Every structure is written in C-alpha cells, then in structure tokens.
Amino acid sequence: MPNSRNVYVVQGCTKPPVATIIFFGANDAALLGRNNERQHVPVEEYEENIRRIVNHLKEYSPTMLVVLITPPPVNEEGRKEYARSVYGEKAVDLPERTNEMAGVYAKLCVELAKELGLSSINLWSKMQETEGWEKKFLSDGLHLTEEGNAILHQEVVRVFNEAWLCASEMPYDFPHHSEIDWRNPENAFQQRC
C-alpha cells in the first residue's frame, strides 16, 4: 500500500502532466502499537513528504495543477468487523486506525494546500456530510465502495472544471493496473513515456 514515503516517479518522460493528484494519508494515519503500524508515518513527516512532492512537481512544471486529497474518514467499527472476518478470534479489539487520527491528517492536508496555493478535496469532511457514510462510502471501514469512489470522482471532476480542465478529455499518463507486469513493473511505465 502506498503512503507518503514511497512515491513512484517515472524517469525519462519529457512532457510534464497537466495535472497531478496527491492522495495520501489513510495509511500514514495508521496508529502506532496496532496491527498496521508499519504503515504509520508521523504527521510531521507526512507534511514534509507532501511538501517535497509538491516542490518537485512544481520545479518540473510550474503550471501543473496539483490537487491534494485528504484521507477518507475511518469507520472504526467497520475496521473491527473486517479484522474479525479476516483474523477471527486473533483480531485485535482496537482498530488500527481511528477517524479522529484520519481527521488530523485531513486537516493538515487542507491547511497545507491553502499555504501552498493548491486546490484540495476534503474527502474526510465531504463523506461525513452524508447520513450513513460509514457503510455507504466505505467497504471495510477504510477502502472506498463504488459510491465512495463516485464521490471522489465527482470531486476531482469539480476541481478540474474549476481549473478549466476537462477530465474526460485528458490523456492517461500511467497504464491501467491490469497492464502492469508485477515482476517487471517499470516496463509498463517506460512504454507510456
């Protein structure tokens, strides 16, 4: 699972993308001392990682639209149910993530976007505006359902439209995941440049 520590950059591409979306924080916000603590990135490091990514992108192409997306909310009960379905009696009673901690990362993401003059999508807040968001938008308390992905898509299109970009007419810079050979993933990316 990606977090703000492991970013993949395609080398050798000469034409910069028109837009880049940075969507980190859900894994970074995993709690220390819980099941997925290996994914945890301290909030200060998360902020620095996002800054470094944005600075790199803006050095590469100052006109590029960079959009920061907050982590989604976390349904802690959904995470516990998921853990019980996977691990049975070995499941830990405490979820590895909390909505409160995801909110800390989300708040920082929005503040950082404002500071850097970037567009942002506050997915954490947007989803919680809907009654029953816990089951409607999250399949296992963390990952997006089809409806959750539809909200995300709607928000990305909105931000692109505000920047005078038509999402449906934009080319894909990266291959579909089904086109990537997991034994040699760099080949799929080189073919796109």
Cross-chain or 6+ apart pairs with Cβ under 7 Å, the stretch 26-54 first and within 26 Å of Leu65 (Cβ to Cβ), then of a type in the set (D, E, K, R) and open to solvent by less than 50 Å² (accessible area, probe 1.4 Å): Ala29/Arg97; Val41/Asp28; Tyr46/Asp28
Yes/no for Val110 being buried (at least 16 other Cβ atoms within 10 Å of the Cβ) and not in a loop (DSSP other than H, G, I, E, B): yes
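If we scan the stretch 33-42, do we find a residue that is open to solvent by 40 Å² or more (accessible area, probe 1.4 Å) and of a type in the set (Asp, Glu)?
Initially, the stretch 33-42 is screened for residues open to solvent by 40 Å² or more (accessible area, probe 1.4 Å), giving 33-35, 37-38, 42.
Add one more test, that the residue is of a type in the set (Asp, Glu), and what stays is 37.
Yes, that holds for at least one residue.
Of a type in the set (Ser, Thr, Tyr), farther than 18 Å from Arg38 by Cα and surrounded by 18 or more Cβ atoms within 10 Å (Cβ to Cβ): is that true of Ser85 in this structure?
Values: of a type in the set (Ser, Thr, Tyr): yes; farther than 18 Å from Arg38 by Cα: yes; surrounded by 18 or more Cβ atoms within 10 Å (Cβ to Cβ): no.
In short, no.
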Residue tally, condition without any contact (Cβ under 8 Å) to a residue 40 or more places away in the chain and either closer than 24 Å to Asn55 by Cβ or not in a loop (DSSP other than H, G, I, E, B) (or both), over the stretch 113-129: 4
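Residues to consider are Asn27, Asn55, Asn36, Asn49; find the one that is in contact with a helix residue (DSSP H, G or I) (Cβ under 7 Å, 6 or more places away or on another chain) and of a type outside the set (Phe, Trp, Tyr). Before the answer, list the steps.
Details: Asn55 fails: in contact with a helix residue (DSSP H, G or I) (Cβ under 7 Å, 6 or more places away or on another chain); Asn36 fails: in contact with a helix residue (DSSP H, G or I) (Cβ under 7 Å, 6 or more places away or on another chain); Asn49 fails: in contact with a helix residue (DSSP H, G or I) (Cβ under 7 Å, 6 or more places away or on another chain).
Only one candidate passes the filter, namely Asn27.
Being charged (D, E, K, R) and part of a loop (DSSP other than H, G, I, E, B) narrows it down to one of Arg38, Arg51, Arg97, so name that one. Give the steps one after another, and end with the answer.
Details: Arg38 fails: part of a loop (DSSP other than H, G, I, E, B); Arg51 fails: part of a loop (DSSP other than H, G, I, E, B).
Answer to the selection: Arg97.
The values are calculated or read from the model by the stated rules, or taken from the named source; none is laboratory data. All figures in this text were calculated on a predicted structure; none of them were measured in a lab. Please note: Cβ atoms are built from the backbone with ideal geometry, for glycine as well, and neighbour counts cover all protein chains shown. Each accessible area value is taken on the protein alone, full model and side chains, heavy atoms only, with ligands, DNA and RNA left out. Shrake-Rupley method; radii C 1.70, N 1.55, O 1.52, S 1.80 Å.
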